[in-house]
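The block underneath contains the structure these notes are about, expressed in structure tokens.
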Amino acid sequence: MNPKNPPQSDEALMAMALEVARQAADRGEVPVGAVVFDPGTGQVIASAGNGPIGAHDPTAHAEIQALRAAGAALENYRLTDLTLIVTLEPCAMCAGAISHARIGRLVYGADDPKGGAVAHGPRFFDQPTCHWRPEVLGGVMAQESGEILRAFFKRRRGLGAGSR
């Protein structure tokens with residue numbers, strides 16, 4: 001990223017998240033990428049790809065890792081007014097973390113009918129027990145986000161008989 005010309009559009013930020021997702025795939029992780037952006041300063045605060053396999057940590061989803069890195073960078077666990085851009089609809093764990101971090105805006109790419117918790121499944125932010133609800137925009141570069149996942153799993157299935 002060129003600091004003199006920071007990305008401003010959701011699409012430019014999603015392109016960054018897709019690059020981080022590709023890097024995760026190169027490490028053998030499910031290709032999901034996340035970017036935390038501060039619209040007030042125009043700066044990317046943090047980015048991360050999926051990492052549960054390499055970290056031996058089931059919570060090392062891209063969103064969680066990006067939120068942790070942003071919190072550390074800002075020395076604050078409250079990430080109010082920041083935008084989280086992620087290539088795949090967040091799961092229930094990540095939606096909970098987004099709410100606790102008080103992210104102001106969530107932008108995601110591909111829907112996840114099986115594991116997503118924003119537009120699918122529990123619809124986390126619609127629950128009366130949810131204490132913080134970000135503005136949500138889904139479907140940004142959904143085709144590209146979905147294709148990187150489909151290609152990853154197609155390659156993975158081809159590696160061995162019976163592998164899923």
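Taking region 90-102 as the search range and keeping residues that are among the aliphatic types (A, V, I, L, M) and open to solvent by less than 40 Å² (accessible area, probe 1.4 Å), which one is farthest from Gly28 (Cα to Cα)? Walk me through it before giving the result.
To start, the set of residues in region 90-102 that are among the aliphatic types (A, V, I, L, M) comprises 92-93, 95, 97-98, 101.
With open to solvent by less than 40 Å² (accessible area, probe 1.4 Å) added as a condition, the list becomes 95, 97-98, 101.
Numbers: Ala95: 24, Ala97: 24, Ile98: 25, Ala101: 28 Å.
Top of the filtered list is Ala101.
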Can you pull out the residues in region 113-126 that are surrounded by fewer than 21 Cβ atoms within 10 Å (Cβ to Cβ), touching a strand residue (DSSP E or B) at 6+ places or on another chain (Cβ under 8 Å) and in a loop (DSSP other than H, G, I, E, B)? Ala119
Scan region 32-41 and tell me whether some residue there is farther than 23 Å from Glu144 by Cβ and hydroxyl-bearing (Ser, Thr, Tyr). yes
Tell me yes or no: at least one residue of region 33-43 is open to solvent by 30 Å² or more (accessible area, probe 1.4 Å), modelled with pLDDT of 95 or more and touching a helix residue (DSSP H, G or I) at 6+ places or on another chain (Cβ under 8 Å). no
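Does region 25-32 contain any residue that is in a helix (DSSP H, G or I) and more than 17 Å from Tyr108 (Cα to Cα)? So that I can check it myself, show each step before the final result.
Of the residues in region 25-32, the ones in a helix (DSSP H, G or I) are 25-26.
Checking which are more than 17 Å from Tyr108 (Cα to Cα) leaves us with 25-26.
The answer is yes, given that some residue of region 25-32 is in a helix (DSSP H, G or I) and more than 17 Å from Tyr108 (Cα to Cα).
Looking at region 45-52, can you tell me whether even one residue there is buried (at least 18 other Cβ atoms within 10 Å of the Cβ), part of a loop (DSSP other than H, G, I, E, B) and either of a type in the set (D, E, K, R) or in contact with a Leu (Cβ under 8 Å, 6 or more places away or on another chain) (or both)? Steps first, please.
Keep residues of region 45-52 that are buried (at least 18 other Cβ atoms within 10 Å of the Cβ), which gives 45-51.
Applying the additional criterion that residues be part of a loop (DSSP other than H, G, I, E, B) yields 50-51.
Okay, now just the ones that are also either of a type in the set (D, E, K, R) or in contact with a Leu (Cβ under 8 Å, 6 or more places away or on another chain) (or both), so none.
The answer is no; no qualifying residue exists.
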I'm trying to understand the selection: among the residues of region 53-89, which are outside any helix (DSSP H, G or I), open to solvent by less than 50 Å² (accessible area, probe 1.4 Å) and under 15 Å from Gly104 (Cα atoms)? Leu79, Leu82, Thr83, Leu84, Ile85, Val86
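The values are calculated or read from the model by the stated rules, or taken from the named source; none is laboratory data. It should be emphasised that the depicted structure is a prediction, and the values quoted were computed from it without experimental measurement. Note that we place each Cβ from the backbone using ideal geometry, even for glycine, and neighbour counts take in every protein chain shown. Side chains included, ligands, DNA and RNA excluded: accessible areas come from the protein's heavy atoms. Shrake-Rupley method; radii C 1.70, N 1.55, O 1.52, S 1.80 Å.
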